[in-house]
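Step one of this worksheet: look at the structure below.
The values are calculated or read from the model by the stated rules, or taken from the named source; none is laboratory data. Only a predicted model underlies this, so the values are computations on that prediction, with no experimental measurement involved. Heads up, the Cβs are rebuilt from the backbone with ideal geometry, glycines too, and the neighbour counts pull from every protein chain shown. Surface accessibility is based on the protein's heavy atoms, side chains included, excluding ligands, DNA and RNA. Shrake-Rupley method; radii C 1.70, N 1.55, O 1.52, S 1.80 Å.
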Amino acid sequence: MESNWIALQQQAHQEFSPRLAHVTIWDAPTPDSEWTVRDLVRHVVRGQQTVPRLLAGRSVIEARLTRAPLGSDLQAEWDTYSALATAAWSDAPADAPVRLASETVTAAEYLREQVAEVTIHTWDLARAVSADESLDDELVAAVWTVFEPQQDALEASGLFAPPVPLPDDAPLQSRLLALTGRDAR
């Protein structure tokens with residue numbers, strides 16, 4: 001694996017953890033109007049729970065079917081599955097095939113997607129729990145390189161709200177969030 005993206009994966013997890021520690025109201029709304037804080041955290045934990053299985057060559061269906069049910073202590077679940085995912089990334093060859101729902105990608109490509117997902121959801125969680133919303137500059141710049149080239153596909157996918165119009169000179173974090181339908185203002 002490229003050490004830079006491994007370091008970014010670790011940074012993304014280090015950004016998520018303190019925001020998770022701020023959660024006091026699990027049913028609070030998030031920037032995604034369909035999710036509560038609990039739903040958001042469960043989604044991120046489930047993603048990390050799946051990482052080692054996909055990196056071991058399982059399909060998405062196989063990975064999901066073999067996951068253990070999450071307990072009620074989502075902080076403990078995050079700590080466990082964050083550590084397991086981080087260990088799996090450090091052992092995975094960059095060119096290993098990873099079978100996702102609609103395509104097979106390299107582990108390096110999957111790593112970039114995972115870093116991007118955790119980073120965006122870190123901001124979602126921070127906004128939901130009124131924690132510090134500023135993200136690491138290097139992390140934001142890296143995630144921008146993942147999402148910016150896909151901006152048309154992101155909008156068409158329906159996975160994100162429509163992009164929020166911002167001036168080109170807006171801070172990069174604001175533009176990144178806007179690209180994924182989030183308004184940081």
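See the values below:
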item	result
Cα-centre dipole for segment 1-66 with unit charges at Cβ (Lys and Arg positive, Asp and Glu negative), debye to 20	260
Share of carbon and sulfur in the accessible heavy-atom surface of segment 1-78 [1.4 Å probe, %]	50
Leu100 versus Gln10: modelled label distance in nm, points set 7 Å from Cα along the beta carbon direction	2.5
Linear extension gain, Arg185 paired with Ser17, 0.36 nm per residue minus alpha-carbon span	58.1 nm
Length released on extending from Val60 to Ala76, taking residue separation times 0.36 nm less the Cα-Cα span	3.4 nm
Ile120, Ile25, ranked by accessible area, largest first (probe 1.4 Å)	Ile25, Ile120
Residues whose placed amide H lies under 5 Å from that of Arg182, excluding near-sequence neighbours	Val164
Reported label for calculated semi-axes √(5λ) of the Cα gyration tensor in Å given (i) 22, 19, 17; (ii) 34, 27, 14; (iii) 24, 21, 16	(iii)
Extreme residue, positive dipole direction of the chain, given options Ala131, Ala107, Ala7 (C-beta unit charges)	Ala107
Segment 94-185 - charge dipole about Cα centre, Lys and Arg +1 at Cβ, Asp and Glu -1, debye rounded to 20	260
Within a Gaussian network of the chain (alpha carbon springs, distance under 10 Å), most fluctuating of Gln14, Gln114, Gln49	Gln14
Highest average packing first - 85-95, 37-47, Cβ atoms within 10 Å	37-47, 85-95
Nearest-20 debye value, the chain charge dipole, Cβ charges on Lys, Arg, Asp, Glu	620
